[in-house]
1. Kindly give Rg over Rh for segment 123-197, based on alpha-carbon atoms, with the Kirkwood expression for the hydrodynamic radius.
2. How much accessible surface area, in Å² rounded to 10, belongs to the heavy atoms of Ser40 with a 1.4 Å probe?
3. Give me the extension gain from Thr234 to Ala208: residue separation times 0.36 nm, minus the current Cα-Cα distance, reported in nm with one decimal.
4. Counting only residues 5 or more places away or on other chains, whose amide H sits under 5 Å from the amide H of Trp139 once H atoms are built in the peptide plane?
5. Express the accessible area of the chain per residue in Å², computed with a 1.4 Å probe while the remaining protein chains stay in the model.
6. Quote to one decimal, in nm, the extra length available between Ala79 and Glu117 on full extension: 0.36 nm per residue of separation minus the C-alpha distance between them.
7. If a helix is a whole DSSP H run, which ones in the chain reach 18 Å or further along their own axis (Cα) and hold a mean Kyte-Doolittle hydropathy of at least -1.0?
8. Treating the beta-carbon of each Lys and Arg as +1 and of each Asp and Glu as -1, no other charges, what is the dipole magnitude of the chain about its Cα centre, to the nearest 20 debye?
Amino acid sequence: MSLPPTPPPSLDEQLARGFVLLPRLLGPVETAALGEAAESVLARVTGRAPAARADVTVWPDGHRLERVDGTTVHWEPEARPPAVRSLSPVTPLHPSLGALWNDERIAAPMRRIVGCERLGGFTSKLNFKRAGVGSEFRWHQDHPFWYCCAGPSARDVATAMVFLDDVTSDNGALEIVPGSHLAGPAPRDRSEPTGLLVDAARTDVSGAVTVEAPAGSVLMFPGLLVHRSGPNRTDRDRRSLLLCFQPAGRPELADLPYRAERLTDLP
């Protein structure tokens, strides 16, 4: 006699481990439309980038960022020809992207994660992780970067990551350390130029799990969750749209200055 299929973990069970995965939350047609919107935004922004070359920031790790039409273009550090690693913020640039802030399929579980009934936006981002050139992102928490801008309010920010393509371990799926959010800010790697990455030698990442999911799935997690993603060495893009929520009424990331000196508050 065959056993009945194992039911998926409940929302409460997923919240306890620090992340929520909702497979195929968005249908194929709407996911494809979001992908088209992402490419449209990218083409428009990069088409105007040559005129904005004066507004360039180079981070201590050598990553190059350009401010273009209200969004920041983060270039892949070693891609030739040049490729975009991410754009942020993006939801003001296309109505299809902005409409997701009020999509109850996303907002309802995010209220549980943020712990607030009235949600607002903190920032939004498109990660492109292009085929063959998408680079890795080492172990980190989102919290330190947000803390440098929002201070203690950064603890209340959480992300909904909408997968626009199938995500596999080969094309740079996220690896997540379940429960790591409960320990608070993790020790940072002081030898790393930005001061933002996790020191894996002083942080237990042995229980990490890889989150593979089909396009249209949504992954949700708080800013204190330790995670990383590998490079994309396949012939398939691994694009995603990130919506970062916070309690309503607070300033958005774009309106807050980055204050690196705040890192001294963190381990």
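1. 0.97
2. Approximately 50 Å² of Ser40 is accessible to the 1.4 Å probe.
3. 7.1 nm
4. For Trp139, no residues qualify.
5. I get 48 Å² per residue for this part.
6. So the extension gain works out to 9.4 nm.
7. Answer set is 28-48.
8. 300 debye
The values are calculated or read from the model by the stated rules, or taken from the named source; none is laboratory data. As the structure is a prediction and not an experimental result, all values here were calculated from the model. Note that we place each Cβ from the backbone using ideal geometry, even for glycine, and neighbour counts take in every protein chain shown. Just the protein is used for accessible areas: all its heavy atoms, side chains included, with ligands, DNA and RNA removed. Shrake-Rupley method; radii C 1.70, N 1.55, O 1.52, S 1.80 Å.
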